[in-house]
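The values are calculated or read from the model by the stated rules, or taken from the named source; none is laboratory data. The structure displayed is predicted, hence computed values, not measured ones. Cβ coordinates were reconstructed from backbone atoms using ideal geometry, including for glycine residues, and neighbour counts include every protein chain displayed. Side chains are part of the model used for accessible areas, which takes the heavy atoms of the whole protein and leaves out ligands, DNA and RNA. Shrake-Rupley method; radii C 1.70, N 1.55, O 1.52, S 1.80 Å.
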Amino acid sequence: MFGYEFMREAFIASTFIAITAGLVGVFVVSRNMSFLSHTLSEIGFAGASFGILVGISPLAGMIIFTLISSIAVGSLSSESSRREASISAISSLFIGLGILFLSLSSESSSYATNILFGSIVGISSKEVHQLMILALFVIFVFIIFYKPLSFDSFDHIGARAAGLKTRLLSIAFLVTLALSVSIGAQIVGSLLVFVLLTLPGATAKYVVHTVPKLIMVSVGLSLAGVWLGLYLAFVTNWPVTFFISSFEVIAYFLGLSYKNWKLNH
């Protein structure tokens, strides 16, 4: 399997994607931003389609759209009473824009499929290096803001009372979330990247309870999912997204079952 260059590139890229998604996912879940990660995935689709239309890389288009939109959507969705309506409206708009941009471009429908659902054969050495740089930047930001971000994410009221700059922390987190969506979509696809950004973190909270352990379990589940998914996709020639999604869903329900078992014993 590793005799093929595209598989070596895919495994390297997926490793950085999984670490980034697993790390960010813990805070996505704790900050109740699962809906936002889903919305950003649709925005990422529109951004990638726009990139194709104007002649820039899909990754660059994703980054531009998700960075600008993450802060705007985050502000719009801050009130729980407006969250679902705003998410639905914005998701619908950007899916429509993505389809429009693709229809105006000269690319084939197979290219659109790669954007939506990912591809293990579409990662070049140059793109792997770009993903590594972006992933390392996200990890670096989390290292800098780890303590205050953890405080704000798990005890927002306490963080405000302690005088932390919660607005700055929120912006920093939204930027890393936007980059994580753009990074993860390269393997999983724009429509299902939220799987890696939500399910490993949600599963982790059922089995461990401290922030470092949450991060370790979430990253571990992300890595296991993408590595197993790539291997099974290579063996069966089935879509890698199917295997990654299936693994994370199974892990989630196993974690939920474990929590329920502990509550009853």
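Summary of computed values
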read-out	value
Flag for Ser182 being outside any helix (DSSP H, G or I) and closer than 23 Å to Ser57 by Cα	no
Scan of region 30-70 for residues that are assigned to a loop (DSSP other than H, G, I, E, B), over 15 Å from the mean Cα position of the chain (by Cα) and either among the polar types (S, T, N, Q) or crowded, with 24+ Cβ neighbours inside 10 Å (or both), ordered by number	Ser57
Test result for Leu169, under 30 Å from Glu127 (Cα atoms), in a helix (DSSP H, G or I), open to solvent by less than 40 Å² (accessible area, probe 1.4 Å) and in contact (Cβ under 8 Å) with a residue 40 or more places away in the chain	no
Selection from region 20-60 of residues that are more than 17 Å from Leu174 (Cα to Cα) and of a type outside the set (A, V, I, L, M, F, W, C)	Ser49, Gly51, Gly55, Ser57, Pro58
Residue count, region 82-125 (criterion: closer than 17 Å to Leu40 by Cα, open to solvent by less than 70 Å² (accessible area, probe 1.4 Å), polar (S, T, N, Q) and at pLDDT 75 or above)	1
Every pair of residues 6+ apart whose Cβ atoms lie under 9 Å, when the first sits in region 230-249 and is over 21 Å from Ala204 (Cβ atoms) while the second is hydroxyl-bearing (Ser, Thr, Tyr)	Leu230/Ser14; Ala233/Thr241; Phe234/Tyr4; Pro239/Ser119; Val240/Ser14; Val240/Ser119
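Results for (1) in contact with a helix residue (DSSP H, G or I) (Cβ under 6 Å, 6 or more places away or on another chain); (2) on the phi > 0 side of the Ramachandran plot; (3) open to solvent by 60 Å² or more (accessible area, probe 1.4 Å), shown as yes or no for each residue.
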{"position": "Phe140", "(1), (2), (3)": "no, no, yes"}
{"position": "Asp152", "(1), (2), (3)": "yes, no, no"}
{"position": "Leu174", "(1), (2), (3)": "yes, no, no"}
{"position": "Val181", "(1), (2), (3)": "yes, no, no"}
{"position": "Leu192", "(1), (2), (3)": "yes, no, no"}
{"position": "Thr210", "(1), (2), (3)": "no, no, yes"}
{"position": "Ala224", "(1), (2), (3)": "no, no, no"}
{"position": "Leu232", "(1), (2), (3)": "yes, no, no"}
